[in-house]
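So the structure is just underneath, and the comments pick up after that.
The values are calculated or read from the model by the stated rules, or taken from the named source; none is laboratory data. Predicted model only: the values in this text are computed from it and were never measured. Because the Cβ atoms are built from the backbone with ideal geometry, glycine has one as well, and the counts that use them run over all protein chains shown. The accessibility values were calculated without ligands, DNA or RNA, using every heavy atom of the protein model including side chains. Shrake-Rupley method; radii C 1.70, N 1.55, O 1.52, S 1.80 Å.
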Amino acid sequence: LEDDLDELDSDIDIDSAGGILTVTCPDSSQIIFSRQPANREIWVAARSGGFHLARDRDSWTCGTTGESLAELASRVLSEQLGAAVSVLS
């Protein structure tokens, strides 16, 4: 995910430390991707809400929306940046 975000043509700042990936948008809003090893989940915090993704065979799937990690990341980034973004991971 971090590699895909690095390749975006957006003016975002990416910081990764301790299992937490923080994406800061040009308007100073943030999207946080956090590994939760004890729960075997990935948590995503964005302006539109908080999301928990669990491993479903070969992909991470959001229990609330049914989106894959790539779909969810693309949607929340697009919402916060105000432009279409596609994350492929």
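Summary of values
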{"quantity": "Relative contact order [Cα under 8 Å, 6+ residues apart], the chain, whole percent", "calculated": "20"}
{"quantity": "Full-extension gain in nm, Arg35 to Ser16, via 0.36 nm per residue minus C-alpha separation", "calculated": "5.7 nm"}
{"quantity": "Shape of region 43-89, Cα gyration tensor, a/c cut at 1.5", "calculated": "oblate"}
{"quantity": "Share of carbon and sulfur in the accessible heavy-atom surface of the chain [1.4 Å probe, %]", "calculated": "45"}
{"quantity": "Tilt relative to the chain, helix 69-81 - C-alpha long axis, 0 to 90 degrees, to 10", "calculated": "30"}
{"quantity": "Alpha-carbon Debye profile of region 1-79, log10 I(q)/I(0) at 0.26 Å⁻¹", "calculated": "-1.43"}
{"quantity": "Within the chain: Cβ-based charge dipole about Cα centre, in debye rounded to nearest 20 (Lys, Arg +1; Asp, Glu -1)", "calculated": "540"}
{"quantity": "Rounded accessible area per residue of the chain, 1.4 Å, Å²", "calculated": "60"}
